[in-house]
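The values are calculated or read from the model by the stated rules, or taken from the named source; none is laboratory data. Fair warning: this is a prediction, and the values are worked out from it, not measured in the lab. Virtual Cβ from ideal backbone geometry, glycine too; neighbours counted across all protein chains shown. Areas reflect the complete protein model, heavy atoms only, side chains present, ligands, DNA and RNA absent. Shrake-Rupley method; radii C 1.70, N 1.55, O 1.52, S 1.80 Å.
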Amino acid sequence: MAFEFLTRRLELTSLREEEALMYLEKHRVLDLLVNLTSSLIFYQPEKPRDFLLNMLARIKIAKITAVDFPCLMDDSNLVSMFEIMDPTNQGFITPVQYREALKNLGLLDPDEVIDEDKEVITRDDFRDDVNKRTLKMWSAF
Amino acid sequence: MDATRAPHQIPVEMPQYGEQHHIFEIMQVMLQELLIHQPEEPIQFMLNHLRRDNDMVPRIFILGPPASGKTTIAMWLCKHLNASLITKQNLIRNEFSIIAAKAATIFGANQAIPDSMLMELLEERLANDECVSKGWILEGIPETREQALMIQTCGISPRHVIVLSAPDTVLIERNLGKRIDPFNGEVYHTTFDWPSDAEVQSRLMAPLGISEQETAKRLMEYHKNITRILPSYPKILKVISSDQPCVDVFYQALTYVQSQHRSNAPFTPKILLCGPTGSGKSLQAALLAHKYGIINVCCGHLLKEAVASNSNIGEFIRPFFEQEMQVPDQIIIRVLINRLSKQDCIRYGWVLHGFPQDLNQATLLDSAGFMPNRVFFLNVPYDSVIERLTLRRTDPATGERYHLMYKPPPTMQIQERLMQHPEDTEEKVKLKIDAFYRNSSLLEDFFNDVIYVNGDQDPYTVFEYIESGIILPLPTKVTL
């Protein structure tokens, strides 16, 4: 779960609390809530509850049809992000930058290791990989 | 350069939006509910929870010894807040429940109802639509620690717990005068609360078990249990003395129930201190800035700084200063916007005083997008202000400031050479106070949720009062 660092420093004192934490991890609740909150403060709707209801309904339908999850970052955002990391327009980014980008997007599991051998990650690689991970994350809900 | 790693500057609309719409609280309650119930389908559960929209409904426990007035207070609160009243009696008397029928037979045979049965009844009742959407007030339950723990295990937790208390002797005597109206169960008293309607008077009956020995026995039982129940509700408990008139107890209970507990929501203080000259605004602002690291913005100082720094806008202000005329609102607001938009103000919050002084200035502040989220009005009577300001003196030799009453000079030598600032004469002070009060009522109406503070106390007391106004969320207003 990508946002596990939020609960890392909790000191769990009882069995029930550990069960609760396992529940959060199993259903990836924190990822979902962070996503919802980010969308909420980005779009700043007049009626936050209705907006949340809308988003949750869309997620529910999208789970069944496996398409069209509500995403904050679309293709053009990903292209811009790549261009920020690659200002000289070499056409690729280093694995370290790639790792940091994934962490910022919340798509990197904390114990996952990025293949350091691949020297270059092109714009298309980046976009495809991010999309794949996003899909994987949403399907877990 | 990896711009994705640099410290990001969050656009200021985002935290403002979050604060205004209580996003943190919505998410917090949702996460709490998820953790308590741990549903298999979290998304459906969240959809149901959001549709119910019952975060703010009353969820109150009212506990107290016999004859403390629990029933009366509970009934009045129910009427006022439009919530459901739940007592042991009306749980048993429920006609629609099988469990209640069983409980009624046990109760009819004068035996005690087992705790587990009571819990089932309670759970059943709380699952009612009415309780879920309008809130509930539970009176007299839990009676023992075991019950309190069982309630907690079911996932039922109150937001406010009120415990009434009074000395035993008062209670024993009070119980002797207790009378009940058999029609609606309302409790009256022969001395303190006699109904005015003659018809009601004729119906009243004395309930069983109000003799002195009975009451004393029940009181002992109560004291044994209550000390073990109270630690279950550490932060949401309030003890109200019921040894005072009923209306006073009710008023205290209502204020408490409408108050909100301290929350972890991110909050950037944007404080406005209003009050006549001499009410202590600058002092309180300085204390706040010192303790919490928020930025102290004094309008008068800002203007003087602008002039002294010979900036462009200072050039505009200087002629007004030289001719001792009031600087026009448009210029002041520009200087203010300049200061309040700086990164430190946005990040740490600000406390503003000396502006706005009338409705026009307040509207300008609002349209500039700098509405404060806490507004305090310091009330100080005229004589106190005169006393505070006209007795100020300065020592021209050392620059030390004294006050003839609060901080007198140590030696006669110093006292002889003290001088008074021309602005501190009684006539000038009176003019300023009158100017303030002319505009103050319009200003009070302009802002929502103004907090009034008695400024006529020592500075640290006033400071604590202001602090509590900032740290606690604003109380919810009852919407009927």
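Show the residue pairs meeting these rules: Cβ distance below 7 Å; 6+ apart or different chains; first residue within the stretch B:397-417 and on the phi > 0 side of the Ramachandran plot and in the same structural domain as B:SER384 (by TED's automatic domain parsing); second residue among the aromatic types (Phe, Trp, Tyr) and part of a helix (DSSP H, G or I).
Close Cβ pairs satisfying both conditions: none exist.
Looking at the stretch B:29-54, which of its residues are under 29 Å from B:GLU139 (Cα atoms), more than 7 Å from chain A (Cβ to nearest Cβ) and assigned to a helix (DSSP H, G or I)?
If the condition is that a residue be under 29 Å from B:GLU139 (Cα atoms), more than 7 Å from chain A (Cβ to nearest Cβ) and assigned to a helix (DSSP H, G or I), then B:VAL29, B:MET30, B:GLN32, B:GLU33, B:ILE36, B:HIS37, B:ASN48, B:HIS49, B:ARG52 are the ones that fit.
Quick check on my filter: what residues within the stretch B:358-380 are open to solvent by 30 Å² or more (accessible area, probe 1.4 Å) and not in a loop (DSSP other than H, G, I, E, B)?
If the condition is that a residue be open to solvent by 30 Å² or more (accessible area, probe 1.4 Å) and not in a loop (DSSP other than H, G, I, E, B), then B:LEU359, B:ASN360, B:THR363, B:LEU364, B:ASP366, B:SER367, B:ASN379 are the ones that fit.
Return the residues of the stretch B:227-278 that are open to solvent by 50 Å² or more (accessible area, probe 1.4 Å), outside any loop (DSSP other than H, G, I, E, B) and either out of contact with any strand residue (DSSP E or B) (no Cβ under 7 Å at 6 or more places or on another chain) or aromatic (Phe, Trp, Tyr) (or both); say none if nothing qualifies.
Listed by number, the residues that qualify are B:THR227, B:ARG228, B:PRO231, B:VAL247, B:ASP248, B:TYR251, B:THR255.
Only one residue in B:ILE86, B:ILE99 is touching a strand residue (DSSP E or B) at 6+ places or on another chain (Cβ under 6 Å) and away from chain A (no Cβ under 11 Å), so which one is that? Don't jump to the end; show me each part of the working.
Details: B:ILE99 fails: touching a strand residue (DSSP E or B) at 6+ places or on another chain (Cβ under 6 Å).
Sole residue among the options that is touching a strand residue (DSSP E or B) at 6+ places or on another chain (Cβ under 6 Å) and away from chain A (no Cβ under 11 Å): B:ILE86.
Go through the stretch B:16-25 and give me each residue that's open to solvent by less than 60 Å² (accessible area, probe 1.4 Å) and in a helix (DSSP H, G or I). Explain how you work it out, then say what you get.
Step one: list which residues in the stretch B:16-25 are open to solvent by less than 60 Å² (accessible area, probe 1.4 Å), which gives B:17-19, B:21, B:23, B:25.
Those that are open to solvent by less than 60 Å² (accessible area, probe 1.4 Å) and in a helix (DSSP H, G or I): B:TYR17, B:GLY18, B:GLU19, B:ILE23, B:GLU25.
Considering the stretch B:296-310 alone, what residues qualify as being open to solvent by 40 Å² or more (accessible area, probe 1.4 Å) and either free of Cβ contacts under 8 Å to residues at least 12 places away in the same chain or assigned to a helix (DSSP H, G or I) (or both)? Quick ask: steps written out before the conclusion?
Going residue by residue through the stretch B:296-310, those that are open to solvent by 40 Å² or more (accessible area, probe 1.4 Å) are B:296, B:301, B:304-305, B:308-310.
Correct list: B:HIS301, B:LYS304, B:GLU305, B:ALA308, B:SER309, B:ASN310.
Inspect all residues belonging to the stretch B:424-436 and state whether any of them is in a loop (DSSP other than H, G, I, E, B) and open to solvent by 30 Å² or more (accessible area, probe 1.4 Å).
yes
Where in the stretch B:113-225 are there helices (runs of 4 or more DSSP H), lying fully within it, with 1 or more residues that are crowded, with 17+ Cβ neighbours inside 10 Å and touching a Phe, Trp or Tyr at 6+ places or on another chain (Cβ under 7 Å)? Break it down into steps so the answer makes sense when it comes.
Details: elements: B:115-126, B:129-134, B:145-153, B:168-176, B:198-203.
By residue number, B:115-126.
Residue-by-condition table, conditions (1) touching a Pro at 6+ places or on another chain (Cβ under 6 Å); (2) on the phi > 0 side of the Ramachandran plot; (3) part of a helix (DSSP H, G or I); (4) surrounded by fewer than 17 Cβ atoms within 10 Å (Cβ to Cβ):
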position	(1), (2), (3), (4)
B:MET27	no, no, yes, no
B:MET56	no, no, no, yes
B:PRO65	no, no, no, no
B:ILE86	no, no, no, no
B:ALA100	no, no, yes, no
B:ALA103	no, no, yes, no
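Against the conditions (1) farther than 30 Å from B:ILE23 by Cα; (2) open to solvent by 60 Å² or more (accessible area, probe 1.4 Å); (3) not in a helix (DSSP H, G or I), where does B:PRO475 fall short? Just the number, please.
(1)
With the requirement that a residue be open to solvent by 20 Å² or more (accessible area, probe 1.4 Å) and facing chain B (nearest Cβ under 7 Å), what does the stretch A:24-35 give you? Walk me through it before giving the result.
Residues of the stretch A:24-35 that are open to solvent by 20 Å² or more (accessible area, probe 1.4 Å), as a first pass: A:25-28, A:34-35.
Result: A:HIS27, single match.
Kindly establish whether B:ASP383 is open to solvent by 80 Å² or more (accessible area, probe 1.4 Å), under 32 Å from the mean Cα position of the chain (by Cα) and under 29 Å from B:LEU272 (Cα atoms). Can you show your working first?
Working: open to solvent by 80 Å² or more (accessible area, probe 1.4 Å): yes; under 32 Å from the mean Cα position of the chain (by Cα): yes; under 29 Å from B:LEU272 (Cα atoms): yes.
The answer is yes for B:ASP383.
Step by step: first the residues of the stretch A:36-65, then only those that are in contact (Cβ under 8 Å) with a residue 24 or more places away in the chain and in contact with a Phe, Trp or Tyr (Cβ under 9 Å, 6 or more places away or on another chain), then the one that is nearest to the other protein chains (Cβ to nearest Cβ). Which residue is that? Quick ask: steps written out before the conclusion?
Narrowing the stretch A:36-65 to residues in contact (Cβ under 8 Å) with a residue 24 or more places away in the chain: A:38-39, A:42, A:59, A:62-63.
Now restrict to residues that are in contact with a Phe, Trp or Tyr (Cβ under 9 Å, 6 or more places away or on another chain): A:39, A:59, A:62-63.
Values: A:SER39: 11, A:ILE59: 6, A:ALA62: 10, A:LYS63: 8 Å.
Restricting to residues being in contact (Cβ under 8 Å) with a residue 24 or more places away in the chain and in contact with a Phe, Trp or Tyr (Cβ under 9 Å, 6 or more places away or on another chain), the top hit is A:ILE59.
Name every residue in the stretch A:36-56 that is of a type in the set (A, V, I, L, M, F, W, C) and surrounded by 15 or more Cβ atoms within 10 Å (Cβ to Cβ), in order of residue number.
At the first step, the residues of the stretch A:36-56 found to be of a type in the set (A, V, I, L, M, F, W, C) are A:36, A:40-42, A:51-53, A:55-56.
A:LEU36, A:LEU40, A:ILE41, A:PHE51, A:LEU52, A:LEU53, A:MET55, A:LEU56, listed by residue number.
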